Amino acid sequence: MCAALSESPAKNRAQEVLHETFGFESFRPGQEAAVDALLAGRHALIVMPTGSGKSLCFQVPALVKDGFAVVVSPLIALMQDQVSALKLAGIAADSINSGNSWQDNDDAWHRLTQGETKLIYLSPERLMSEQMLEDLQALPVSLIAIDEAHCISQWGPSFRPEYEDLTRLPELFPGIPIAALTATADAVTRDDIAARLFANKVSQFVLGFDRPNIRLSVASKQTWKTQLREFLSRHPGTSGIIYCLSRRKTIETAALLEADGITALAYHAGMDKHEREANQDRFMSEAGIVMVATIAFGMGIDKSDVRFVLHLDLPGSLEAYYQEIGRAGRDGEMAEAHMLYGLADMAMRRRFIEEENAGDDRKRREHKRLDALLGYCEAPTCRRVALLRYFGERSEPCGNCDVCLDPVELADGTIDAQKLLSAVYRSGQRFGAAHVIDIVRGSETERIEKWGHHRLKTFGVGAERSKDEWRSIIRQLVAAGHLRLDIAGYGGLSITRTGNDLLRGRTEFRYRKDKLVKAKPRTREITLKKKPEIREEDMSLLDALRALRLELAQARGVPAYVIFPDRSLLEMAEKRPSTMEEFSEINGVGAVKLKNFARAFLAVIATKGKI
């Protein structure tokens, strides 16, 4: 079917839409195959990194096919921004949500029923209401797209019960292709989405998770204000995002930076909506702004020149961490993702999990996800290898993380590792870390007695080490790929092929000692490599183009990036088009944006772009 489609009118029309409407000459990696699948009527599970253009995968087929597409989106603000961006490109899009007036929603529904709309954005709750389902089933739905699809999975990092009902869609809309899209889904989550939503009848498109231009580094939290200042001294005058766990800390940190002469803004869900939006607009439009935020900030943000993401507190999971650091370096130039973590962070995250209104299965799963994150923090070898392995991707040592660039002093832990691996093996490769530690420490618990594990040869062989030391070693064995953690099950540990080699003495295991207890100050500063910077005369023009973009955005009541993304402005500053035809060749300039915005931007280029 794919071969036939490659020569089909639908395929040709998709290329026309990509160029004429969205202003792109060609699809990015992964997009075309997903578009082809949806045009051929197949379901698609699309996993692509933040900023890789997932939305085009369903927007292009929606414009090619007859009828209209239903897009499920979890946040009203994100929904509205995407609709605004589509409208600016001349696409008939609408949203029906609780943030609109009754009249606005009624008008949007009228346009939909009259065949005037190509994409309608709905929340999962509104879509799955019986009345909405009944009404949509009588209309020509061409495809359904589910954004942030990891929310469907009970194993996903942001499970939302209201997403669960979406699993009824294939039955309610038979023959209609469904696209499930996410940037953060490990293999367990992908398999769960495929089973729950698609009964495993789905084409999967998983683009590589690696972002090689982002330098990865982690440090134990000691004096966080001093560590913050030291980190920012490596990034003077650049844009970046600092994530904090609490609203209070975002305010405190932003004030601290302002006192140090750094332009910093705060962003959290408890702020006044207008102040929050104003801060977001400044961050998007001005260079050298540092945004200090909770996780409320970031979804839908596309600022190309973010040079760093700093976590002052431990994130919730590797999936959350990956999504958040993905906001750095979207222009392909060097960026840095740095994280501070400490014992208090671990305790707080554990408490959050226990206090969550969720069942034991979910709590157990979240504890194991946190274990995986801590394993990454304590990785004795390349961090990128450990991070990508978590998402099921193999990698060689990257040479662009703190461990590769400044290797830590490792201790020989082969004997201790073999003690643990032997305990895992002899107890049947089904028990979790706590039980295995009880075995090696010789703890006479009720569970040990029940399973007869006090009679194992490995019982008590590691009594000299504390539970915390053994937990650290286990996390590092998981991070190094010697032990496998069953996140989808009961957190059981099993031995991998490399772990079996280690157990049999064919290889050795070196590990970092608990750095939270025995941390030493770094002796060598890491200086971020950079590509050649944009010419000074181009930067002056770029600032003028950004100012115009902000003015146009404010006049229309939309975020600045929906006018043009930074990458389009950068191309304008470098190529300096002087005619409508030359402007049309800028990436991201479709027919409608050419008509509505070209003259204004050409005027700025003509005035400010003289060398």
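Here the condition is being of a type in the set (Asp, Glu) and over 25 Å from Arg549 (Cα atoms); of Asp313, Asp281, it holds for Asp313 alone.
One line per residue, one yes/no per condition, for (1) over 25 Å from Arg28 (Cα atoms); (2) of a type in the set (D, E, K, R); (3) out of contact with any His (no Cβ under 7 Å at 6 or more places or on another chain); (4) in contact (Cβ under 8 Å) with a residue 40 or more places away in the chain:
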| site | (1), (2), (3), (4) |
| --- | --- |
| Leu63 | no, no, yes, yes |
| Ala77 | yes, no, yes, yes |
| Ser84 | no, no, yes, yes |
| Ser129 | yes, no, yes, no |
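For the range 219-254, the candidate set comprises residues that are at pLDDT 95 or above and in a strand (DSSP E or B); within that set, the residue that is farthest from His268 (Cα to Cα) is Gly240. Considering (1) in contact (Cβ under 8 Å) with a residue 40 or more places away in the chain; (2) more than 21 Å from the chain's Cα centre (by Cα), the lone condition that Leu373 does not fulfil carries the number (2). Checking each residue of the range 515-526 against the condition of being at pLDDT 80 or above and within 31 Å of the chain's Cα centre (by Cα) gives no match.
In the set Glu134, Glu116, only one residue is surrounded by fewer than 20 Cβ atoms within 10 Å (Cβ to Cβ), part of a helix (DSSP H, G or I) and among the charged types (D, E, K, R); that residue is Glu134.
For the range 428-435, does any single residue satisfy the condition of being within 20 Å of the chain's Cα centre (by Cα) and of a type in the set (Phe, Trp, Tyr)? No, the range 428-435 contains no residue that is within 20 Å of the chain's Cα centre (by Cα) and of a type in the set (Phe, Trp, Tyr).
Among all residue pairs at least 6 apart or on different chains, which show Cβ distances below 7 Å where the first residue, located in the range 303-324, is in contact (Cβ under 8 Å) with a residue 24 or more places away in the chain and the second is among the acidic types (Asp, Glu) and assigned to a helix (DSSP H, G or I)? From the range 303-324, the pairs are Lys303/Asp566; Ser304/Asp566; Asp305/Asp566; Val309/Glu324; Asp313/Asp345; Leu314/Asp345; Pro315/Glu324. Pairs linking a residue in the range 451-468 that is more than 17 Å from Ser427 (Cβ to Cβ) to a residue that is loosely packed, with under 13 Cβ neighbours inside 10 Å, with Cβ atoms under 9 Å and 6 or more positions apart or on different chains, are Asp468/Val517. Where strands (runs of 3 or more DSSP E) fall wholly inside the range 263-352, the ranges with 1 or more residues that are farther than 12 Å from Tyr243 by Cβ and under 19 Å from the mean Cα position of the chain (by Cα) are 306-311, 335-341. Per the listing Ser52, Ser98, the residue uniquely outside any helix (DSSP H, G or I) and in contact with a Gly (Cβ under 8 Å, 6 or more places away or on another chain) is Ser52.
Scan the range 366-404 for residues that are under 19 Å from Lys221 (Cβ atoms) and among the acidic types (Asp, Glu) and the total you get is 3. Number of residues in the range 184-201 that are buried (at least 23 other Cβ atoms within 10 Å of the Cβ) and in a loop (DSSP other than H, G, I, E, B) equals 3. All conditions in (1) surrounded by fewer than 21 Cβ atoms within 10 Å (Cβ to Cβ); (2) in a helix (DSSP H, G or I); (3) touching a strand residue (DSSP E or B) at 6+ places or on another chain (Cβ under 9 Å) hold for Ala77, with the sole exception of (3). Within the range 417-437, is there a residue that is closer than 22 Å to Arg383 by Cβ and modelled with pLDDT of 95 or more? Yes, there is a match, as at least one residue in the range 417-437 is closer than 22 Å to Arg383 by Cβ and modelled with pLDDT of 95 or more. Here the helices (runs of 4 or more DSSP H) wholly within the range 533-592 that include at least 1 residues being under 29 Å from the mean Cα position of the chain (by Cα) and either surrounded by fewer than 15 Cβ atoms within 10 Å (Cβ to Cβ) or at pLDDT 90 or above (or both) are 536-556, 566-575.
The values are calculated or read from the model by the stated rules, or taken from the named source; none is laboratory data. Here the structure is a predicted model, which is why all the values come from computation and not from measurement. Please note: Cβ atoms are built from the backbone with ideal geometry, for glycine as well, and neighbour counts cover all protein chains shown.
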